[in-house]
């Protein structure tokens, strides 16, 4: 049953009230920050590093309760921004070392020699092609058995090495078992930090999903308000 214009208008008003966005311009002391006020939040405060802005400068987003005052916002920024900046800097340094396809290949060969000697013995690694891809957001990695190709999602650039290794190991196992059979799971279980890495990826995916959801709803609220 179609919603009446009055109902749609009320929904738009509620969405506009739930999320309000504004931009705090950069100053001499801090970068530009996107401020998102959420009616759903009562106490929870979070800040995120969000790539770069339109000028190529680091972008940050602060999510706060809707009723937060200017003084509280300044306090949150002063407390959280240095921590987020340090974390982003560490991630960037780590990423610079790991974003090359050559790095992926070196990790793949190391992991195969350590955990999958039968793959090394098969000679298939001589034709191995492994690379980062940016169009793979639903899966961390994928493998093509026929031509020995592995693709790793660029979403994983900057994650801890043991997490990236777990994904590479998973895809290497597919070069022996192109399925998720019991035999495949036996091979996969050879990676010693498998459960720890799986827990990290589950939390990482959940956090990314929540952040994208809040941002999307915030944008919808802004569009409805306009």
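Numbers below:
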| item | result |
| --- | --- |
| Enumeration of residues in region 47-65 that are at pLDDT below 85 and touching a strand residue (DSSP E or B) at 6+ places or on another chain (Cβ under 7 Å) | 48, 49, 50, 51, 52, 53, 58, 59 |
| Among the residues listed as 120, 167, the single one being over 18 Å from the mean Cα position of the chain (by Cα) and at pLDDT 95 or above | 120 |
| Per-region count, region 154-178, residues over 30 Å from residue 87 (Cα atoms) and not in a helix (DSSP H, G or I) | 4 |
| Filtered residues of region 16-45 (kept if outside any loop (DSSP other than H, G, I, E, B), surrounded by 16 or more Cβ atoms within 10 Å (Cβ to Cβ) and modelled with pLDDT under 80) | 16, 18, 19 |
| Residue match in region 130-153 (condition: in a helix (DSSP H, G or I) and either touching a residue at least 24 places away in the same chain (Cβ under 8 Å) or under 18 Å from residue 201 (Cα atoms) (or both)) | no |
| Residue 208 vs. criteria outside any loop (DSSP other than H, G, I, E, B), modelled with pLDDT under 95 and surrounded by 15 or more Cβ atoms within 10 Å (Cβ to Cβ) | no |
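The values are calculated or read from the model by the stated rules, or taken from the named source; none is laboratory data. Please read all numbers here as calculations on a predicted model, not as lab measurements. Counting neighbours? That spans all protein chains shown, and the Cβs are built from the backbone with ideal geometry, glycine included.
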